[in-house]
Amino acid sequence: MATAVTNEVIIDWLARFHDIVAKQRAYLTELDSAIGDADHGVNMDRGLAQVVETLTQQDAGSDASTGALLQHIGNDLLTSLGGAAGPLYSALFLGAGAVAGERTRLDPGELADSLRAGLAELVRRGSAESGDKTMFDALDPAVEALRQAADDGAGLGQATASAAAAAVAGREATAPMLARKGRASYLGERSIGHVDPGAASATMLVIALVEAVAQE
Amino acid sequence: MATAVTNEVIIDWLARFHDIVAKQRAYLTELDSAIGDADHGVNMDRGLAQVVETLTQQDAGSDASTGALLQHIGNDLLTSLGGAAGPLYSALFLGAGAVAGERTRLDPGELADSLRAGLAELVRRGSAESGDKTMFDALDPAVEALRQAADDGAGLGQATASAAAAAVAGREATAPMLARKGRASYLGERSIGHVDPGAASATMLVIALVEAVAQE
Amino acid sequence: MKKLLNDPADAVADSLAGFALAHSDLVRLSPAPVFVSRAGGAVTGKVGLVSGGGSGHEPLHAGFVGDGMLDAAVPGAVFTSPTPDQILPAIQAADGGAGVLTIVKNYTGDVLNFETAVELAVEEDIEVASVLVNDDVAVEDSLYTAGRRGVAGTVAVEKIAGAAAYRGTDLAGVAAVAERVIANVRSMGVALAAPVVPHVGGPSFDLGDDEIEVGIGIHGEPGRRRVPAAAADAVTEMLVAPVADDLGLGRGERVLLFVNGMGGTPLSELYVVYGRARRLLEERGVTVSRSLVGNYVTSLEMQGASVTVLRLDDELETLWDAPVNTAALRW
Amino acid sequence: MKKLLNDPADAVADSLAGFALAHSDLVRLSPAPVFVSRAGGAVTGKVGLVSGGGSGHEPLHAGFVGDGMLDAAVPGAVFTSPTPDQILPAIQAADGGAGVLTIVKNYTGDVLNFETAVELAVEEDIEVASVLVNDDVAVEDSLYTAGRRGVAGTVAVEKIAGAAAYRGTDLAGVAAVAERVIANVRSMGVALAAPVVPHVGGPSFDLGDDEIEVGIGIHGEPGRRRVPAAAADAVTEMLVAPVADDLGLGRGERVLLFVNGMGGTPLSELYVVYGRARRLLEERGVTVSRSLVGNYVTSLEMQGASVTVLRLDDELETLWDAPVNTAALRW
Ligand SMILES: Nc1ncnc2c1ncn2[C@@H]1O[C@H](COP(=O)(O)OP(=O)(O)O)[C@@H](O)[C@H]1O
Ligand SMILES: Nc1ncnc2c1ncn2[C@@H]1O[C@H](COP(=O)(O)OP(=O)(O)O)[C@@H](O)[C@H]1O
Ligand SMILES: [Mg+2]
Ligand SMILES: [Mg+2]
Ligand SMILES: [Mg+2]
Ligand SMILES: [Mg+2]
């Protein structure tokens, strides 16, 4: 169990994120078919595969700072994903990297600070608010839970686990929402009753972090 | 029971032909779907409706000769049916009309002569031979049976009835044939095992004649 | 069946009415008997070109009426040849005094109806020549069939003969050019899903989820054989090989490569077929010097495509390149 | 799923390769990152035009690269916005020194990716202006949505802005003309059957045999509402009325009427819709002075159509009529 997020953890995190997405690709497709354009599964799978490949090839973790690595990932997400998800996930990592800066490890509190900054960048690009039925509805409570756990003195394992639980709850809470951002907003009332695909993939991102932390 | 074919019988004949085709339209469509382009049913229905309407409107039978009426019908078939069936059924009536000439009634023998000439005209246009899997395979035995019955001294009712029986047998015999004319010939071996749509509609033509003769 | 139609019986009439309105700069619609002709009428001194056939293949033929291509087109009911009383006035409308060429796809119905119309036109002292397009190599051309069908190659015949007529070539010359195209053009098609004929209401044939029909025509007829569905590259080989073989294409020759959509297949897929077909031809040492990709000779909403190859020489290439201004082909 | 494709993952690449070969006189394909640009390169002194978006809408956008329209097009994966690293070099390739206009359909993904690319281009001292096409009246344009979608009206924006750029108008002027088209163009679409996204393998939505989706976009998204299937005339009214109302069309105005096919509907049916749409507009006292009918902004093989109306004035009409030479639009 890692006690801080190092570059090794981050690289493993992305690999695990891709693994989960690849396995759940059909599920994401199904969600995006219901209220979107059916590309979120393949899009995330294809894009993350590229990001992970670059990360592994370049052995990017070895010397860079954590901030540099997160920004590197942010840039790769931008050029690999496409769609709405690409720039938004990219913003999350670019924002997080900017705050992580020259550090080489993040404790739970620093991780929360960093991700909170990432979320702010995501909102700067996409203007999502709570309840708009987007990935923000999974990510925001997750970062909030992480912050809370860190403030309560929890270790990294426990803090990320509560973040994941909050993401899952946030994802489920998107089902009854009427979409106000992204493609699902075109559907009006018909968007109600479906889980948001971006909230689902964002939850996978948080779960992958739990796994990566547990593994190291 | 009419003893000779008069213009009244001929007009009734065409009306009954259309009735049968209209009722059996789906059956003709099905046959033409299997080995053709699925238009024979609607084509015959639409075209014959027009021919019959013109015949009824113009009260064409009242003063013209039988030959003139048959040729009138032949011309109408040409402009109303389209497809392969149009010119071929047209040829049948044009040829028959040419031989019927100035007569105003045809006894069984004269009817056989007239239809034989019509068939010759049909063959002149379409070059069909026995066994090619076309309407000729129903019409040729029908006219042959009519000729035979007339030679044997049969009345019009009996003569046309044996023609119809021969047409039905001829139609059924097209099923195992490999098509060598028309659209079905494109299918090669795959044309085997299906009744030819033109043979089916031609059989309806002969049955309509039996009914018209019986009615008057 | 769901279609953007009103009464199926009005499908052709409604569509032609819309077509004529949308392209009133190019065409005129004569209502009864129905035919479409060049907006400006016949061109005096120019050989007139008339084609036609059953509807359901749009934009063929009405979409090719205009300068540099057809002077008149005669649409029948869906998949049903038009009748002589429609064809005759179209021939008359196309006659600018230099005679008329009728371009007929080789189907018994088209042949017979055009034959009769031409007889009538000749009786009216119009000089008429006729050519039969029979480019479909899926059909054996033997004494035991109605001969090969006319399919997408018709576009090349109409375009090139149309250009020859606009250049001032006389009737015999235009007919000879058309015959030369016919002698050098071959096609082969495949269907992934059948069309739905409006008055029938269901698919013309049933194909399993893993089956395709190879050697299909453009009327929803079943094809020559049913084979397991395969990747585009493999399917394209099934189309290109018989076409190239039948043409006897040799190294150093140059061709027009035309990938035609059947109406229901995305354009993007036609380009996939085009790319592979081109490579296959190039592997035979053949140069693709002209190309056409799109839905030009369709079979309603049938999913599938055909590959047409026309052997080119300088004259045919020049005529292909000549200006054309029609609803569906313009350069 | 049966498609004329090889590996679904290669669908876009294979198709673009074929497209570039077939139209090598018009376009060049840059392989990595992927974009399509004018064969002759940027035109010195002319404002460059760049558009792009997810693939699956062919011929949009690559089919509109050429003289008089786009200088570059950036295709993403199927229904997925392209990425900034593709868009940036396309902007560079289109820049002839007079700046570049990017034409973006209003989708969150397209907007965000183009935004980033434009920021990068500006950092490289390229003058860039951007317009957002949002013609789809099916979507409420409110604070509570991502705004209206960009659909078939994009063709009008690209054509008219392209003509303005070719006429020598400066960047601000070209952007202003594009904005004027956007302000005056509205669309509404209907689907009869869903498209099949290659990597998904099944239809994007399920429609009963007697249902249609009204207010659909071009990505296989469900529409605004599902209604019983109806005759073409009735369906056309469902499309024309909201478009004309939203534009506030009044008697005496003149318009471009564009009936766009979604990829899987026969051309003949599009003309049926056109005929009815035209009559409906004329009943409102509106003159249809320009027309376009065909598959230009598609959703793979989706069956259905959209109606687009653009309010015209002399300048827009002149620019619409100006010469264009692209794979999909040429006059
Ligand atoms: N403005 C936004 N802010 C935050 N998230 C958004 C926004 N717009 C869309 N999303 C997220 O993006 C997801 C869709 O991603 P994806 O399918 O990759 O993009 P696209 O809609 O371009 O196909 C949505 O489910 C939603 O969670
Ligand atoms: N050359 C021919 N001689 C005689 N009958 C023919 C010939 N060609 C076709 N037929 C007949 O025409 C029928 C098809 O008619 P129809 O469906 O109306 O025409 P099309 O094939 O043009 O769609 C065939 O079933 C066959 O009986
Ligand atoms: Mg999506
Ligand atoms: Mg038929
Ligand atoms: Mg037919
Ligand atoms: Mg998308």
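Has segment D:243-257 got any residue that is facing another protein chain (nearest Cβ under 10 Å) and modelled with pLDDT of 95 or more? Break it down stepwise before answering.
Here is the first cut: in segment D:243-257, the ones facing another protein chain (nearest Cβ under 10 Å) are D:257.
Filter once more, so that each one left must be modelled with pLDDT of 95 or more: D:257.
Yes, segment D:243-257 has at least one match.
Could you grab the pairs with beta carbons closer than 7 Å, sequence gap of 6+ or different chains, first residue in segment D:126-138 and not assigned by TED's automatic domain parsing to the domain that holds D:GLY45, second one of a type outside the set (Gly, Ala, Ser)?
Between residues of segment D:126-138 that are not assigned by TED's automatic domain parsing to the domain that holds D:GLY45 and residues that are of a type outside the set (Gly, Ala, Ser), there is no close pair.
Quick check on my filter: what residues within segment D:42-57 are open to solvent by less than 30 Å² (accessible area, probe 1.4 Å) and in contact with a strand residue (DSSP E or B) (Cβ under 8 Å, 6 or more places away or on another chain)? Reasoning before the result, please.
Restricting attention to segment D:42-57, the residues satisfying the condition of being open to solvent by less than 30 Å² (accessible area, probe 1.4 Å) are D:46-57.
Within segment D:42-57, D:VAL47, D:GLY48, D:LEU49, D:VAL50, D:SER51, D:GLY52, D:GLY53, D:GLY54, D:SER55, D:GLY56 qualify.
Mind listing whichever residues of segment C:66-83 are within 16 Å of ligand 5 (Cβ to nearest atom) and either over 23 Å from C:ARG148 (Cα atoms) or among the aromatic types (Phe, Trp, Tyr) (or both)? If you could, list the steps in order and put the result at the bottom.
First pass over segment C:66-83, keeping only residues within 16 Å of ligand 5 (Cβ to nearest atom): C:74-83.
Selection gives C:PHE79 alone.
Mind listing whichever residues of segment B:28-60 are among the hydroxyl-bearing types (Ser, Thr, Tyr) and either within 14 Å of ligand 4 (Cβ to nearest atom) or within 20 Å of C:VAL12 (Cα to Cα) (or both)?
Start the filter on segment B:28-60 by keeping residues that are among the hydroxyl-bearing types (Ser, Thr, Tyr), which leaves B:29, B:33, B:54, B:56.
Scanning segment B:28-60 gives B:THR29, B:SER33.
Within segment A:75-85, how many residues are over 14 Å from D:PHE114 (Cα atoms) and surrounded by fewer than 23 Cβ atoms within 10 Å (Cβ to Cβ)? Steps first, please.
Narrowing segment A:75-85 to residues over 14 Å from D:PHE114 (Cα atoms): A:75-77, A:80.
Now drop any that are not surrounded by fewer than 23 Cβ atoms within 10 Å (Cβ to Cβ), which leaves A:75.
The qualifying residues number 1.
Of the conditions (1) in contact (Cβ under 8 Å) with a residue 24 or more places away in the chain; (2) within 10 Å of chain C (Cβ to nearest Cβ), D:VAL214 clears all except one; give me its number.
It is condition (2) that D:VAL214 fails.
Might you let me know whether segment D:66-81 holds any residue that is open to solvent by 10 Å² or more (accessible area, probe 1.4 Å), farther than 18 Å from A:THR79 by Cα and away from ligand 3 (no atom under 16 Å from the Cβ)?
Within segment D:66-81, one or more residues are open to solvent by 10 Å² or more (accessible area, probe 1.4 Å), farther than 18 Å from A:THR79 by Cα and away from ligand 3 (no atom under 16 Å from the Cβ).
Collect the residues in segment C:1-28 that are part of a helix (DSSP H, G or I) and farther than 30 Å from C:VAL177 by Cβ, keeping them in residue-number order. I'd like the intermediate steps shown before the answer.
As a first pass, look at segment C:1-28 and keep what is part of a helix (DSSP H, G or I): C:8-22.
Residues satisfying the conditions are C:PRO8, C:ALA9, C:ASP10, C:ALA11, C:VAL12, C:ALA13, C:ASP14, C:SER15, C:ALA17, C:GLY18, C:LEU21, C:ALA22.
Among the residues that make up segment D:288-307, is at least one of them open to solvent by 10 Å² or more (accessible area, probe 1.4 Å) and small (Gly, Ala, Ser)?
yes
When residues of segment A:169-216 are filtered for being open to solvent by less than 50 Å² (accessible area, probe 1.4 Å), touching a Ser or Thr at 6+ places or on another chain (Cβ under 9 Å), of a type in the set (A, V, I, L, M) and away from ligand 1 (no atom under 15 Å from the Cβ), how many remain?
4
Mind listing whichever residues of segment C:147-193 are crowded, with 24+ Cβ neighbours inside 10 Å, of a type in the set (S, T, N, Q) and more than 26 Å from C:ASP95 (Cα to Cα)?
C:SER187
Take the residues of segment A:40-60 that are open to solvent by 10 Å² or more (accessible area, probe 1.4 Å) and touching a strand residue (DSSP E or B) at 6+ places or on another chain (Cβ under 9 Å): which is nearest to ligand 6 (Cβ to nearest atom)? It would help to see each step written out before you state the result.
At the first step, the residues of segment A:40-60 found to be open to solvent by 10 Å² or more (accessible area, probe 1.4 Å) are A:40, A:42, A:45-46, A:49-50, A:52-54, A:56-60.
Within this subset, residues satisfying the condition of being touching a strand residue (DSSP E or B) at 6+ places or on another chain (Cβ under 9 Å) are A:42, A:46.
Details: A:VAL42: 10, A:ARG46: 12 Å.
Selected residue: A:VAL42.
Would it be correct to say that B:GLU110 is of a type in the set (Asp, Glu), under 23 Å from B:GLY47 (Cβ atoms) and at pLDDT 95 or above?
Details: of a type in the set (Asp, Glu): yes; under 23 Å from B:GLY47 (Cβ atoms): no; at pLDDT 95 or above: yes.
No: the conditions fail for B:GLU110.
Within segment A:86-100, does at least one residue satisfy the condition of being among the small types (Gly, Ala, Ser), within 16 Å of ligand 6 (Cβ to nearest atom), open to solvent by less than 10 Å² (accessible area, probe 1.4 Å) and within 14 Å of chain D (Cβ to nearest Cβ)? Break it down stepwise before answering.
Step one: filter segment A:86-100 for residues among the small types (Gly, Ala, Ser), giving A:86, A:90-91, A:95-98, A:100.
Now drop any that are not within 16 Å of ligand 6 (Cβ to nearest atom), which leaves A:86, A:90.
Still in the list and also open to solvent by less than 10 Å² (accessible area, probe 1.4 Å): A:86, A:90.
Checking the rest, the ones that are also within 14 Å of chain D (Cβ to nearest Cβ) come to A:86, A:90.
The answer is yes, given that some residue of segment A:86-100 is among the small types (Gly, Ala, Ser), within 16 Å of ligand 6 (Cβ to nearest atom), open to solvent by less than 10 Å² (accessible area, probe 1.4 Å) and within 14 Å of chain D (Cβ to nearest Cβ).
For segment C:54-75, enumerate the residues that are without any contact (Cβ under 8 Å) to a residue 60 or more places away in the chain and either assigned by TED's automatic domain parsing to the domain that holds C:SER306 or within 16 Å of ligand 2 (Cβ to nearest atom) (or both).
Listed by number, the residues that qualify are C:SER55, C:VAL74.
Only one of B:VAL51, B:VAL123, B:VAL42 is within 16 Å of ligand 5 (Cβ to nearest atom), on the phi < 0 side of the Ramachandran plot and among the β-branched types (Val, Ile, Thr). Can you tell me which?
Values: B:VAL51 fails: within 16 Å of ligand 5 (Cβ to nearest atom); B:VAL123 fails: within 16 Å of ligand 5 (Cβ to nearest atom).
Going through B:VAL51, B:VAL123, B:VAL42 in turn, the sole match is B:VAL42.
Let me confirm something: among C:TYR107, C:TYR144, which residue is in contact with a Lys or Arg (Cβ under 7 Å, 6 or more places away or on another chain), on the phi < 0 side of the Ramachandran plot, open to solvent by 30 Å² or more (accessible area, probe 1.4 Å) and within 14 Å of another protein chain (Cβ to nearest Cβ)?
Checking each option against the conditions leaves just C:TYR144.
Is at least one residue of segment D:106-118 touching a residue at least 24 places away in the same chain (Cβ under 8 Å), more than 21 Å from D:GLY217 (Cβ to Cβ), of a type outside the set (Ser, Thr, Tyr) and in a helix (DSSP H, G or I)?
Filtering segment D:106-118 down to residues touching a residue at least 24 places away in the same chain (Cβ under 8 Å) leaves D:106-110, D:112-114, D:116-118.
Next cut, more than 21 Å from D:GLY217 (Cβ to Cβ) only: D:116-118.
Then keep just the ones that are of a type outside the set (Ser, Thr, Tyr); that gives D:117-118.
Checking the rest, the ones that are also in a helix (DSSP H, G or I) come to D:117-118.
Looking through segment D:106-118, at least one residue is touching a residue at least 24 places away in the same chain (Cβ under 8 Å), more than 21 Å from D:GLY217 (Cβ to Cβ), of a type outside the set (Ser, Thr, Tyr) and in a helix (DSSP H, G or I).
Scan segment D:222-243 and tell me whether some residue there is outside any helix (DSSP H, G or I), farther than 20 Å from D:SER306 by Cβ, open to solvent by less than 50 Å² (accessible area, probe 1.4 Å) and touching a Ser or Thr at 6+ places or on another chain (Cβ under 9 Å).
Filtering segment D:222-243 down to residues outside any helix (DSSP H, G or I) leaves D:222-231.
In the following step, the residues that additionally are farther than 20 Å from D:SER306 by Cβ were identified as none.
Checking segment D:222-243: not a single residue is outside any helix (DSSP H, G or I), farther than 20 Å from D:SER306 by Cβ, open to solvent by less than 50 Å² (accessible area, probe 1.4 Å) and touching a Ser or Thr at 6+ places or on another chain (Cβ under 9 Å).
Taking the options C:LEU120, C:LEU112, C:LEU132, name whichever one is within 16 Å of ligand 2 (Cβ to nearest atom), open to solvent by 30 Å² or more (accessible area, probe 1.4 Å) and not basic (Lys, Arg).
Details: C:LEU120 fails: within 16 Å of ligand 2 (Cβ to nearest atom); C:LEU112 fails: open to solvent by 30 Å² or more (accessible area, probe 1.4 Å).
After applying the criteria, what remains is C:LEU132.
Could you check segment A:85-110 and list, in sequence order, the residues that are of a type outside the set (S, T, N, Q) and not in a helix (DSSP H, G or I)?
Step one: of segment A:85-110, the residues of a type outside the set (S, T, N, Q) are A:85-89, A:91-103, A:105-110.
Result: A:GLY101, A:GLU102, A:ARG103, A:ARG105, A:LEU106, A:ASP107.
The values are calculated or read from the model by the stated rules, or taken from the named source; none is laboratory data. On a predicted model such as this, the values are computed, not experimentally measured, just so you know. Don't worry about glycine lacking a Cβ; one is built from the backbone with ideal geometry, like all the others, and counts go over all protein chains shown. For accessibility, only protein heavy atoms count, side chains too; no ligands or nucleic acids. Shrake-Rupley method; radii C 1.70, N 1.55, O 1.52, S 1.80 Å.
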